[in-house]
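**Q** Input: one structure, supplied below.
Here, each number is a calculation from the coordinates, and none is a lab measurement. No experiment lies behind these values; they were computed from the predicted model shown. Positions of Cβ are backbone-derived with ideal geometry, glycine not excepted, and every protein chain shown enters the neighbour counts.
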Amino acid sequence: MRLFVSVDLPDELAPAVEAVQSEFRDASGLSFTDPEQAHLTMKFLGDVPEAEVGAVEEALTHAAEEAAVEPFEADVEGLGVFPNLDYISVVWAGIGRGTEELTRLHEAVEHRMVDIGFDPEDHEFTPHVTLARMQHAGGKELVQDLVEETHPEIGTMRVEELRLTESELTSEGPEYSTVHAVEL
């Protein structure tokens, strides 16, 4: 099973995600994510044998307890790119209010997952919602301008749980399903 830990955006924010994506429609080279499946990845786990899923679920439960984060509000706003504006591979919406709590959750998830054998992250955690991936640099200048000059406010979400999510790759893009959820 191809798994990751996520915080999912509520369905009611999908139209706002799509509206922000539409600002980038004229930028050639972008492949857009499905706004209905918008989420924040807390930790990508990769291929996990089914026999190990129970241990991952248990580790996720302990991570939520360890983080000691109560349900909270998070604002999805602003734009950014990975790795940088000169070489863009991912265009994302950021988080304003709620960043501190999401970071604490990420740190607890990271700690628990590394403890059970997953590789540690090799980059700093930046809470974000992926809007698009850049396949080629044809529309790079438009992306750079939008990221530098606009600050969209997608909306506020209530973060109440962490999810262990399965990503099934299909010809029409990934399809996500919740394997396990842990309430905060």
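**Q** For the stretch 138-177, enumerate the residues that are in contact with a strand residue (DSSP E or B) (Cβ under 8 Å, 6 or more places away or on another chain), surrounded by fewer than 13 Cβ atoms within 10 Å (Cβ to Cβ) and farther than 26 Å from V7 by Cα.
**A** Correct list: empty.
**Q** Test of understanding: among T61, T41, which residue is among the polar types (S, T, N, Q), surrounded by fewer than 21 Cβ atoms within 10 Å (Cβ to Cβ) and over 26 Å from A137 (Cβ atoms)?
**A** One residue alone meets the criteria, T61.
**Q** Here's a check for you: in the stretch 123-143, which residue that is within 15 Å of F32 (Cα to Cα) and charged (D, E, K, R) is farthest from the chain's Cα centre (by Cα)?
**A** Among those residues, the one meeting the criterion is K140.
**Q** Moving on to the next point. For the stretch 1-14, which residues satisfy the criterion of being within 19 Å of G173 (Cα to Cα) and either among the acidic types (D, E) or over 16 Å from the mean Cα position of the chain (by Cα) (or both)?
**A** M1, D8, D11
A quick yes/no check of all residues on (1) farther than 28 Å from N84 by Cα; (2) among the small types (G, A, S); (3) part of a strand (DSSP E or B):
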position	(1), (2), (3)
E107	no, no, no
T126	no, no, no
R133	no, no, yes
G139	no, yes, no
L142	no, no, no
G155	no, yes, yes
R158	yes, no, yes
E175	no, no, yes
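**Q** Any idea which of (1) closer than 20 Å to P15 by Cα; (2) surrounded by 14 or more Cβ atoms within 10 Å (Cβ to Cβ) is the one E101 doesn't satisfy?
**A** (1)
**Q** Please find, among V20, V81, V48, the residue that is more than 30 Å from E141 (Cβ to Cβ) and either of a type outside the set (S, T, N, Q) or touching a helix residue (DSSP H, G or I) at 6+ places or on another chain (Cβ under 6 Å) (or both).
**A** V48
**Q** Can you tell me how many residues in the stretch 130-160 are in contact (Cβ under 8 Å) with a residue 24 or more places away in the chain and either of a type in the set (D, E, K, R) or under 17 Å from L13 (Cα atoms) (or both)?
**A** 16
**Q** Moving on to the next point. Taking D75 as the residue in question, decide whether it is more than 30 Å from E52 (Cβ to Cβ), in contact (Cβ under 8 Å) with a residue 40 or more places away in the chain and of a type in the set (D, E).
**A** yes
**Q** On to the next question. Return the residues of the stretch 109-124 that are part of a helix (DSSP H, G or I) and surrounded by 18 or more Cβ atoms within 10 Å (Cβ to Cβ); say none if nothing qualifies.
**A** Answer for the stretch 109-124, where residues must be part of a helix (DSSP H, G or I) and surrounded by 18 or more Cβ atoms within 10 Å (Cβ to Cβ): V109, E110, R112, M113.
**Q** Of the numbered conditions (1) of a type in the set (A, V, I, L, M); (2) surrounded by 15 or more Cβ atoms within 10 Å (Cβ to Cβ); (3) in a loop (DSSP other than H, G, I, E, B), V91 satisfies every one except a single condition; which is it?
**A** (3)
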